[in-house]
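Right, one structure below, let's go through it.
The values are calculated or read from the model by the stated rules, or taken from the named source; none is laboratory data. Values in this document were obtained by computation on a predicted structure and should not be read as measured data. Here the Cβ is made from the backbone with ideal geometry for all residues, glycine too, and neighbour counts use every protein chain on show.
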Amino acid sequence: MKGFTLVELMVAMFIFALLAMAGVSLLSTSLTGQAQVNARNDRLAAFQRTRAILRADLGQAAPRLTREETGAARPAFSGGTEGSFFSLVRRGWENIDGRPRASLQYVEYRLQEDRLERRTRPMVDGARLGEPVVLISGVRSLALHFLRDGEWRESWDPATPDALPEAVSVAMRLDGLGDIEQYFLVPAGG
């Protein structure tokens, strides 16, 4: 009866070990790649959600003045101001639970550290701002421009307090996505 010699057995074990190491390395590389793809997809999804919310808010802007909690009057749209990047009153706020409120909603966008946040009020006039909702993080820079009479401006300075811009340009530098510039029409503007 013939069997394997010790050398043949060692060579076979060495080849098996090489194949096992190659398999583990391939699996590790694919898992790392999958994690990177998932992180990139999550980042893109957060950006797409942010873009959809901005488009919905700006696309439903209403030329309606509002009052703060203190009673101070606010214009229908403000932008490029310190702290708040822009604020507006929008139409089309769904009332799923049937509460006694208007279909208008006050919305404010702020950049806090590296997070773009959206805050709203439960009532258009006199209510306190709600808790901020982080739309996207990793915002390195954010710049707005407002179109009025065919000219782009860095801040919104309307002739009347109920005026709206014709369009808004939002330029962002985002971690993992780079520089992105978007343009949103404001249908009631002009």
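Just a few scattered comments:
- Look at (1) within 27 Å of E69 (Cα to Cα); (2) loosely packed, with under 13 Cβ neighbours inside 10 Å and you find that D175 fails only one, number (1).
Residues checked against (1) touching a residue at least 40 places away in the same chain (Cβ under 8 Å); (2) out of contact with any helix residue (DSSP H, G or I) (no Cβ under 8 Å at 6 or more places or on another chain):
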{"residue": "D125", "(1), (2)": "yes, yes"}
{"residue": "P132", "(1), (2)": "no, yes"}
{"residue": "S141", "(1), (2)": "no, yes"}
{"residue": "L144", "(1), (2)": "yes, yes"}
{"residue": "P158", "(1), (2)": "yes, yes"}
{"residue": "P161", "(1), (2)": "yes, yes"}
{"residue": "A167", "(1), (2)": "no, yes"}
{"residue": "L174", "(1), (2)": "yes, no"}
{"residue": "G178", "(1), (2)": "no, yes"}
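- In segment 106-123, of all residues being out of contact with any helix residue (DSSP H, G or I) (no Cβ under 9 Å at 6 or more places or on another chain) and not charged (D, E, K, R), the one that is surrounded by the most Cβ atoms within 10 Å (Cβ to Cβ) corresponds to Y106.
- Taken over segment 39-61, residues that are closer than 15 Å to V133 by Cα and either basic (K, R) or touching a helix residue (DSSP H, G or I) at 6+ places or on another chain (Cβ under 6 Å) (or both) amount to 2.
- Of everything in segment 56-103 that is among the hydrophobic types (A, V, I, L, M, F, W, C), closer than 25 Å to A143 by Cβ and not in a strand (DSSP E or B), the residue that is modelled with the lowest pLDDT is A76.
- Put simply, of A45, A52, A76, A72 the only residue that is of a type in the set (A, V, I, L, M) and in contact with a strand residue (DSSP E or B) (Cβ under 7 Å, 6 or more places away or on another chain) is A76.
- Only one of the listed residues (A39, A102, A45) is aliphatic (A, V, I, L, M), more than 20 Å from L185 (Cα to Cα) and over 20 Å from the mean Cα position of the chain (by Cα). That residue is A102.
- Verdict on A73 being over 23 Å from the mean Cα position of the chain (by Cα) and over 22 Å from T160 (Cβ atoms): no
- Residues in segment 143-172 that are surrounded by 15 or more Cβ atoms within 10 Å (Cβ to Cβ) and either within 23 Å of A46 (Cβ to Cβ) or in contact with an Asp or Glu (Cβ under 7 Å, 6 or more places away or on another chain) (or both): L144, H145, L147, R148, V168, S169, V170, M172.
- Comparison of L27, L58, L9, L31 shows that the only residue that is surrounded by 10 or more Cβ atoms within 10 Å (Cβ to Cβ) and touching a residue at least 60 places away in the same chain (Cβ under 8 Å) is L58.
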